[in-house]
Amino acid sequence: MDRKSLTGLALIGLIMFVWLQFMSPEKKLLKSPEAVKTEQASPQALSSPVAAAPSADTFGVFATAAGGREQLVKVDNDLFRATLSSKGATLKSLVLKKHLNGERKPFDLVSNTRNGALSLLFLTREGKKIDTRDLYFSTVTLDSVRAISGKQSYAVRYHLDIAPAQAIDITYLFSGDSYKVGYDVKLTGFASELAGNEYQLQWDGGLGYSEKDRKDESQSVLAGAYLGGSLVKLDAAKENETYREEQSGEAKWVAVRNKYFVAALIPSRRTEGIHLDGKRTAGNEFENYTAALKMGVPSTGTVSDDKFSLYLGPLDYNIVKSQHAGLEKIMDFGWDWLTRPFAEFIILPVFSWMNTFVSNYGLIIIIFAFLIKLVTYPLSMASTKSMKKMSALQPVLKELQEKYKDNPAKLQSELGRIYKEAGVNPIGGCLPVVLQMPLLFAMFYVFRSSIELRQHSFLWAKDLSVPDSILDFGFSIPMYGNHIAVFPILMAVTVFMQQKITPTTQSNDQMKVMMYMFPAMMLLFFNNMPAGLGLYYLMFNIFSVAQQFYINKTTTAADMPNVTLTVPSSGGSRKKSKGASKK
């Protein structure tokens with residue numbers, strides 16, 4: 001990689017910073033299978049004291065259902081433990097088994113553990129706003145704790161009688177080896193009973209944070225929807241402000257996510273629209289979101305039966321894509337038209353393929369850096385040779401610039417003639433860098449958000465998804481951070497070495513300053529980046545230094561432009577200059 005390549009990388013860092021700070025999505029601010037088993041209810045089920053029924057002024061015909069006893073059911077499969085409540089027929093807890101938090105302890109994806117995350121929300125014809133989390137359902141499951149595994153399945157059914165011909169039925173269907181949960185809603189006798197003939201299925205409370213650095217994690221937290229073939233995002237960026245996004249149309253899903261995990265609601269039929277809102281809590285970086293699907297209820301007929309899928313788990317690209325709902329769109333890989341194809345069709349597939357026979361992701365990163373260097377070797381070779389040729393032509397170019405400093409048109413004409421005779425493309429050193437930039441951008445996005453690197457160690461780095469800090473200051477240094485990371489220091493050293501051995505067309509004081517300034521810029525930029533990203537660029541630079549040594553050793557005079565060019569002198573005489581065969 002030549003000096004222009006290194007400058008290109010510096011520009012990548014600057015553009016990424018601007019992109020992250022100033023080009024985030026628009027925020028809208030509000031101003032104002034084994035057989036499924038079900039059995040009769042058991043008095044031994046986990047329960048809480050009986051709640052008194054509120055008045056009909058609040059709940060209307062639902063008042064009798066607003067008092068009762070809460071019963072909890074725990075479902076334990078290979079991937080998580082879920083806790084369901086008969087109060088609201090809601091999900092009150094979901095603890096993943098294969099993923100721990102930043103402290104290496106189990107954590108709960110459900111942040112609203114008091115009221116639960118899932119509910120139906122609707123407005124009756126009488127103007128009563130009903131949230132099913134305020135209502136007590138009856139359950140027809142015998143178990144208070146149920147364990148399933150592999151291909152086994154288990155259903156938890158909830159029923160609520162409202163009137164003789166009016167009822168709500170909610171069913172959860174769990175599989176032993178899947179993050180996907182079936183969620184069925186059956187409304188009986190609600191035709192023309194709901195305002196607008198619709199209800200909402202909502203996830204309320206966002207997701208619990210999982211990482212040590214809450215500020216960094218908050219940069220990835222959002223609510224989103226896939227509506228009309230495009231991604232809708234809502235990011236509660238400012239503290240104590242409320243944000244909202246509401247659109248009509250067919251949605252493939254709505255979801256809330258943190259840095260590495262997601263909870264998504266996926267409908268099986270056409271929706272009427274989506275509703276997203278969010279608010280950031282002051283002081284602790286937590287962003288609280290609600291994401292809802294709007295579902296129409298036929299004005300005729302007795303029963304409305306809707307089936308949904310819940311995905312509650314990691315943002316693992318292959319698992320998320322297997323939901324066949326376009327849920328992978330919520331993963332941020334940069335520009336859809338440029339960097340995302342590199343991430344989805346090159347980087348992630350190669351990582352998955354290598355992981356089938358290499359378990360250590362540090363080694364996978366090193367191998368991947370080597371493969372990328374092999375692929376880009378022809379471009380790097382062309383770039384370096386172009387730089388060497390330009391360096392050899394400098395005596396002629398300087399004489400032309402001096403001769404025609406007052407005649408720019410003539411200067412450009414002579415430069416074009418010289419480049420043509422010497423067989424040199426003046427942008428030959430830049431084009432390879434431009435061609436590599438989409439891949440470099442995609443690498444940044446993948447390494448910054450890939451759960452595959454999370455909590456995987458390599459050498460002194462305990463977690464490749466966070467900086468490889470060996471010393472924490474306890475205070476923050478502007479632009480540098482509050483710690484010392486090793487990979488960025490080693491990378492800055494390799495950048496300096498590469499600049500020393502790379503041919504250049506200039507030797508002025510500005511270039512000498514850049515020789516020290518550029519490695520320092522790279523150090524500052526990467527000190528707070530994931531260790532996996534620092535490791536990748538470190539190894540890529542090491543391979544680049546080795547490549548440069550090889551090119552310098554094997555390049556001969558025959559590779560240089562060997563032409564004799566005539567440049568008119570000031571006195572009318574003509575001087576011959578050789579755009580010579582110098583290394």
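The values are calculated or read from the model by the stated rules, or taken from the named source; none is laboratory data. This structure is a prediction, so every number in the text was calculated from the model and none was measured. Counting neighbours? That spans all protein chains shown, and the Cβs are built from the backbone with ideal geometry, glycine included. Calculation scope for accessible area: heavy atoms of the full protein, side chains included, ligands and nucleic acids excluded. Shrake-Rupley method; radii C 1.70, N 1.55, O 1.52, S 1.80 Å.
Database remark: amide H of Arg146 closer than 5 angstrom to the amide H of Lys74, Val75, Asp76 (H placed geometrically; neighbours at sequence offset of 5 or more, or on other chains; Pro and chain starts carry no H).
Here the Karplus curve 6.51 cos²θ - 1.76 cosθ + 1.60, taken at θ = phi - 60°, turns the phi angles of segment 457-471 into couplings of 9, 7, 6, 7, 7, 7, 8, 6, 8, 10, x, 7, 5, 10, 8 Hz, with x standing for Gly and Pro. The amide H of Gly208, built 1.01 Å from its N in the peptide plane, has Val110, Ser111 as neighbours under 5 Å, considering only residues 5 or more places off or on other chains.
For Thr271, the residues whose modelled amide H falls within less than 5 Å of its own, excluding neighbours fewer than 5 places apart on the same chain, are Ala251.
In plain terms, the C-alpha convex hull of segment 170-323 casts an average shadow of 10.0 nm² when viewed from every direction. Rounded to the nearest 20 debye, the dipole magnitude of segment 354-559 is 460 debye, with +1 charges on Lys and Arg beta carbons, -1 on Asp and Glu beta carbons, and the Cα centre as origin. Straight-line cross-link reach from Lys97 at under 12 Å between alpha-carbon atoms covers these aspartates and glutamates, not counting any fewer than eight positions away in the same chain: Asp76, Asp78, Asp108, Asp177.
Working value for segment 354-559: equivalent-ellipsoid semi-axes of 39, 20, 14 Å, each the square root of 5 times a Cα gyration tensor eigenvalue, largest first. The candidates Met331, Met437, arranged from most to least accessible area with a 1.4 Å probe in the full protein assembly, appear as Met437, Met331. Stretching the chain fully between Ile367 and Lys307 yields a gain of 17.1 nm (0.36 nm per residue, less the alpha carbon separation). Considering only the Cα atoms of segment 56-331, their convex hull presents on average a projected area of 14.5 nm². Among Lys98/Lys259; Lys389/Lys410; Lys233/Lys462; Lys215/Lys329, which pairs are too far apart, with a Cα-Cα distance over 27 Å? Over 27 Å apart, Cα to Cα: Lys233/Lys462.
For segment 379-386, putting each phi into the Karplus relation 6.51 cos²θ - 1.76 cosθ + 1.60 with θ = phi - 60° gives couplings of 5, 5, 4, 4, 4, 5, 5, 4 Hz, in residue order, rounded to whole numbers and with x for Gly and Pro. The phi-based Karplus calculation (6.51 cos²θ - 1.76 cosθ + 1.60; θ = phi - 60°) puts the 3J(HN,Hα) values of segment 479-484 at 6, 9, x, 10, 7, 10 Hz, whole numbers, x for Gly and Pro.
Looking at segment 270-377, which trypsin sites (Lys or Arg not before Pro) are in a loop (DSSP not H, G, I, E or B) and have at most 13 other Cβ atoms within 10 Å? Could the numbers behind the result be given before it?
Numbers: sites: Arg270, Lys279, Arg280, Lys294, Lys307, Lys321, Lys329, Lys373; in loops: Arg270.
Passing both the DSSP loop test and the Cβ count: Arg270.
With the highest mean first, a sort of the peptides 543-550, 487-494 on other beta-carbon atoms found within 10 angstrom per residue produces 487-494, 543-550.
Using Cβ point charges alone (K and R +1, D and E -1), the dipole size of segment 56-331 about the Cα centre works out to roughly 560 debye.
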